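Read through the structure below, which is laid out as structure tokens, and then see the notes.
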Amino acid sequence: MFCPFCNAPDTKVIDSRLATDGAQVRRRRECLECGERFTTYESVELSLPRVVKSDGNREKFDEQKLRRGLVKALEKRPVASERIDTIVNQILKSMMADGSREVPSSQLGEWIMQALREVDQVAYVRFASVYRSFQDVNAFREEIEKLVQATAAKTDRG
Ligand SMILES: [Zn+2]
């Protein structure tokens with residue numbers, strides 16, 4: 001890091017300690033040229049990709065919105081609220097693991113449905129019916145049939 005006083009390219013870290021409850025590292029540095037001292041703070045940058053909506057607009061990923069959607073889908077279902085945290089973390093992980101700068105909202109929806117399908121099938125169908133806004137009754141029935149088949153296959157395997 002360049003010295004902010006004389007712009008010398010070499011500065012030396014003379015002290016390093018955790019700050020703000022460990023969320024940051026505070027470093028004291030000394031310029032090797034002019035001897036001035038200054039402080040830098042280092043923190044993790046969790047950069048989530050932006051969400052590309054079907055109309056092409058980009059928006060910031062909204063964790064609260066995701067949470068609200070999950071709460072609604074899981075309303076009155078026998079699922080502990082900690083599971084919602086687990087799903088949210090799972091989605092965040094998928095988004096970051098993907099490594100792209102942008103993620104289509106359709107992909108985000110698929111991840112959410114995947115997670116819900118594992119947790120609660122009623123919640124899954126609720127979410128899917130809103131999210132996919134099924135064009136007609138047949139599309140909805142197809143989805144249910146797929147779900148039933150998947151469950152049957154699972155049961156067969158024992
Ligand atoms: Zn300097």
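We did not get these values from a lab; they are worked out from the coordinates using the rules stated. In this text the structure is predicted, and so the values were computed from the model without any measurement. Note that each Cβ is placed from the backbone with ideal geometry, even for glycine, and that neighbours are counted across all protein chains shown.
Some observations on this one:
- Potential lengthening of the chain between ARG17 and LEU92 amounts to 24.1 nm, from the contour at 0.36 nm per residue minus the alpha-carbon distance.
- Rounded to the nearest 20 debye, the dipole magnitude of the chain is 320 debye, with +1 charges on Lys and Arg beta carbons, -1 on Asp and Glu beta carbons, and the Cα centre as origin.
- Ignoring the sites themselves, the chain has its longest run without GluC sites (Glu not before Pro) in a DSSP loop having at most 14 other Cβ atoms within 10 Å at 76-158.
- R0 of 41 Å, Cβ-Cβ distance SER54-VAL25: FRET efficiency to nearest 0.05: 0.50
- Förster radius 22 Å - calculated FRET efficiency between SER129 and LYS65, Cβ distance, rounded to 0.05: 0.75
- Spin-label model, LYS72 to ALA150: label points 7 Å out along the Cα-to-beta-carbon direction sit 2.1 nm apart.
- Where a label projected 7 Å from the Cα of PHE38 along Cα→Cβ would reach, residues of the stretch 1-24 with amide N under 16 Å: 1-15
- Straight-distance candidates among the aspartates and glutamates for linking to LYS12, with alpha-carbon spacing under 16 Å and chain neighbours fewer than 8 residues away dropped: GLU30, GLU33, GLU36, GLU42.
- Full-stretch length increase - GLU102, PHE5 - with 0.36 nm per residue and alpha-carbon distance subtracted: 31.1 nm
- Across the chain, the relative contact order, built from alpha-carbon pairs under 8 Å that are at least six residues apart, equals 15 percent.
- Longest site-free stretch - the chain; sites: trypsin sites (Lys or Arg not before Pro), DSSP loop, at most 14 other Cβ within 10 Å: 1-52
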